Every structure is written in C-alpha cells, then in structure tokens.
1. Evaluate segment 47-59: report whether one residue or more is under 19 Å from Asp133 (Cβ atoms), over 15 Å from the mean Cα position of the chain (by Cα) and in contact (Cβ under 8 Å) with a residue 40 or more places away in the chain.
2. Are there any helices (runs of 4 or more DSSP H) wholly within segment 1-87 with 2 or more residues that are charged (D, E, K, R) and more than 19 Å from Ala116 (Cα to Cα), and if so which?
3. On the given criteria, is Leu108 assigned to a loop (DSSP other than H, G, I, E, B) and either of a type in the set (A, V, I, L, M) or under 15 Å from the mean Cα position of the chain (by Cα) (or both)?
4. Could you tell me whether segment 144-166 includes any residue that is modelled with pLDDT of 75 or more and within 14 Å of the chain's Cα centre (by Cα)?
5. Just checking, does segment 76-89 include any residue being closer than 16 Å to Gln29 by Cα and either within 14 Å of the chain's Cα centre (by Cα) or surrounded by 12 or more Cβ atoms within 10 Å (Cβ to Cβ) (or both)?
6. State the number of residues belonging to segment 111-135 that are among the charged types (D, E, K, R) and part of a loop (DSSP other than H, G, I, E, B).
7. Looking at (1) loosely packed, with under 15 Cβ neighbours inside 10 Å; (2) touching a helix residue (DSSP H, G or I) at 6+ places or on another chain (Cβ under 9 Å); (3) at pLDDT 90 or above, find the lone condition where Ala113 falls short.
8. Take Gly95 and decide whether it is surrounded by 15 or more Cβ atoms within 10 Å (Cβ to Cβ), of a type in the set (Gly, Ala, Ser), within 16 Å of the chain's Cα centre (by Cα) and at pLDDT below 95.
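The values are calculated or read from the model by the stated rules, or taken from the named source; none is laboratory data. Predicted model, so just to flag it, every value in this text is computed and none were measured. Note that each Cβ is placed from the backbone with ideal geometry, even for glycine, and that neighbours are counted across all protein chains shown.
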Amino acid sequence: MPIAVKSCLDVVFWLSDQALNDREYIQPQKLHRLLYLSQAYFAVAYHGRKLMPATFVTDAFGPVEPTVFHAFAYGRPLMIEGNPLSDQVRHFLEGIWRRFGQYSADQLTRKVAEHAPVALAMAKGVNEEIPFDEIVRFYTTEAAARTKAPGGIDHVDQVVKPRVLRSQTGKPVSVVTWKPKAVAVKKDE
C-alpha cells in the first residue's frame, strides 16, 4: 500500500508552519508526539495505510522519529523545502492540529505514554522500536471500543472531521474522501 507523503519531513514542515501561523513555537517533543499521532490516526482512517515513511522509537519521554530528531537537532534545516501535500493529507493534518495542537508537549507526552504500543516499548528501554502493526491494532481496536474516556484515546471521527460544503441549493453536505477497503489477496500455493 503506498504511503501518502513522500517524506516525514514534509509533515514536519507542515506542522511547524502551522504552529508559526498560530504564533506558536513548536517544541521538539510536541512535534514528535504530533507526528506519532498523525501516523496512528491516518492508519485508522485509511485502513492501515501509512501517512509517511517513518519509524518511531522510544526516548526517555515517548516516541520520536529518529531521522527527524537528527535532522532538526539544531533547528529547522535551511536548505530543505517540503514537497507539496495533497488536499487529502492537508485536510487530515488540519484535523490533527485542530484536535491536538492546543496541548503542550507535556500534556501530549502524558497522553501518548499511556497508550499500549508506546508503554510496552518504553518498558523495554530507550531506542526500542514501536512496531507499526501494533500502533494500527491499538488505535483501531481502542478507537472503535471507546470514543473518549479520561486517559483514553479519541475516535478517528473526533480527529478527522468531514469537510462541509454546500450543495447547489445551499444545503450543507459532508464530503469525505472515498476510502476503498483493502482486499486480502490469497497467494497460490
């Protein structure tokens, strides 16, 4: 299944620019939590599809994407420009920012650290990889089971709201991107 964005740096640039547009400096820890949540909720919303080619590992506080961590160690690289994002991805990231952007780095860290894939990896130690299939399984089953509970996770519909447009008569209508279900292909034995 193809990824939606060519590089996780494109998502980082979008989130950083969104923060600047809101007159906010985005702390590195907050950026990494938003990247992690973006990857997790995109997989739920789009049937296991990855938003970006990213691998998350644990640090002392929570999940980080090591390539982004290294590339942004001394601030935003000056010579790198992001690739354009599709309308679908921009709409999705707007939902992530709308839902989680107002939280501080500490609040996001506490929230994400309670989620099973992160908690299990952190219990093993620093630099432990958080498997993508565990992220998908957790956010898919938990999001379906609970909509929003204290310490719980949000249902994907609370993050990715449909776009509302107007019909030719002026009536508001919800518009969502068509998401075909993945079909399991049996291999011939």
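1. For segment 47-59, residues under 19 Å from Asp133 (Cβ atoms), over 15 Å from the mean Cα position of the chain (by Cα) and in contact (Cβ under 8 Å) with a residue 40 or more places away in the chain: present.
2. Working: elements: 8-21, 28-45, 66-71.
So the answer is 8-21.
3. Working: assigned to a loop (DSSP other than H, G, I, E, B): no; either of a type in the set (A, V, I, L, M) or under 15 Å from the mean Cα position of the chain (by Cα) (or both): yes.
It is false that Leu108 is assigned to a loop (DSSP other than H, G, I, E, B) and either of a type in the set (A, V, I, L, M) or under 15 Å from the mean Cα position of the chain (by Cα) (or both).
4. Of all residues in segment 144-166, those modelled with pLDDT of 75 or more come to none.
Checked segment 144-166: no residue is modelled with pLDDT of 75 or more and within 14 Å of the chain's Cα centre (by Cα).
5. Keep residues of segment 76-89 that are closer than 16 Å to Gln29 by Cα, which gives 76.
Retained after the next criterion (residues that are either within 14 Å of the chain's Cα centre (by Cα) or surrounded by 12 or more Cβ atoms within 10 Å (Cβ to Cβ) (or both)): 76.
Within segment 76-89, one or more residues are closer than 16 Å to Gln29 by Cα and either within 14 Å of the chain's Cα centre (by Cα) or surrounded by 12 or more Cβ atoms within 10 Å (Cβ to Cβ) (or both).
6. Initially, segment 111-135 is screened for residues among the charged types (D, E, K, R), giving 111, 114, 124, 128-129, 133-134.
Add one more test, that the residue is part of a loop (DSSP other than H, G, I, E, B), and what stays is 114, 128.
Result for segment 111-135: 2.
7. (1)
8. Values: surrounded by 15 or more Cβ atoms within 10 Å (Cβ to Cβ): yes; of a type in the set (Gly, Ala, Ser): yes; within 16 Å of the chain's Cα centre (by Cα): yes; at pLDDT below 95: yes.
Taking the combined requirement at face value, the residue satisfies it.
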